[in-house]
């Protein structure tokens, strides 16, 4: 089992890892929210009365 790590991550490394994960989660949530808003705008645009 040579793949086990023997070093403990530093607080800085843990903080960097946590911030990266938070950025990924935020980006994913923001992308989904913006896509949903875009879809609603598209639907309203096509359902709007002409004239």
| field | Given (1) outside any helix (DSSP H, G or I); (2) modelled with pLDDT under 90, number of the condition residue 46 does not satisfy | value | (1)
| field | Residues of the range 5-43 satisfying the condition of being exposed (fewer than 10 other Cβ atoms within 10 Å of the Cβ) and part of a loop (DSSP other than H, G, I, E, B) | value | 5, 6, 7, 8, 10
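The values are calculated or read from the model by the stated rules, or taken from the named source; none is laboratory data. This one's a predicted model, so the numbers in the text were calculated from it and none came from an experiment. Neighbour counts run over all protein chains shown; Cβ positions are idealised from the backbone, glycine included.
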